[in-house]
Amino acid sequence: MLDDYIGLILTNFGLFMFAVAVCFIVLHKFIVRAKLSDYEIVYRWMALFPLGIANIYAFIIHAFYPEIADAAIGWSYSPFEYEVAMADLAFGVLAILSFNASFGFRLAAVIGNVIFLMGDACNHIYLMLVQGNFNPGNAGTWLWLDDLILPLLMLMCINGLSENRKA
């Protein structure tokens, strides 16, 4: 039973990190009560958990356990997967470092992650349409939450932070 829960979390790790971020956002907003804008609070916790830690998790899986990633996504192993892992690591580290960074650093971190994740989304959708690949790692929460919703949310946050700087 516990193995099933752990498997569910690891298969949907981005969703789990998103839920953790939402918990931290609520705690920050109602318990810490720091004088930060909503955009700032959401940015910090979304950058740390679903963008940062989830990308580092993806790095670990792609680099050291590619057979797990391949089975979940519906891929055959390719040495290129290690390069995907390095991109996951780079963008995950940038996201974590952006937690309390300058606006310019955050903007660069968001732009890089958005390009990478939206590119992932395009490839996953292509694989769904052309190859009929609806494996959970290709068409599940990694697609709709991590590759589509999260980048849009981060763009909204960076836009809101930009407007706060102008005010």
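Remark: pairs (first residue in segment 138-167, of a type outside the set (Gly, Ala, Ser); second residue surrounded by fewer than 16 Cβ atoms within 10 Å (Cβ to Cβ) and outside any helix (DSSP H, G or I); Cβ separation under 8 Å; 6+ apart in sequence or on different chains) = Leu161/Ser37; Asn164/Ser37.
Candidates are the residues of segment 28-54 that are hydrophobic (A, V, I, L, M, F, W, C) and at pLDDT below 95; the one that is farthest from Glu163 (Cα to Cα) is Ile31.
Among the residues of segment 1-27, write down those that are under 15 Å from Pro136 (Cβ atoms), modelled with pLDDT of 95 or more and surrounded by fewer than 16 Cβ atoms within 10 Å (Cβ to Cβ). Listed by number, the list is empty, since nothing qualifies. Restricted to segment 53-105, and to residues that are more than 15 Å from the chain's Cα centre (by Cα) and within 26 Å of Asn159 (Cβ to Cβ), which residue is surrounded by the most Cβ atoms within 10 Å (Cβ to Cβ)? Out of the qualifying residues, it is Ala101. Checking each residue in segment 27-59 for being of a type in the set (A, V, I, L, M) and free of Cβ contacts under 8 Å to residues at least 24 places away in the same chain picks out Leu27, Ile31, Val32, Ala34, Leu36, Ile41. In summary, Leu129 fulfils each of the numbered conditions (1) of a type in the set (A, V, I, L, M, F, W, C); (2) in contact with a helix residue (DSSP H, G or I) (Cβ under 9 Å, 6 or more places away or on another chain); (3) surrounded by fewer than 17 Cβ atoms within 10 Å (Cβ to Cβ) with the single exception of condition (2).
The values are calculated or read from the model by the stated rules, or taken from the named source; none is laboratory data. From a predicted model like this one, the values you see are computed outputs, not experimental measurements. Please note: Cβ atoms are built from the backbone with ideal geometry, for glycine as well, and neighbour counts cover all protein chains shown.
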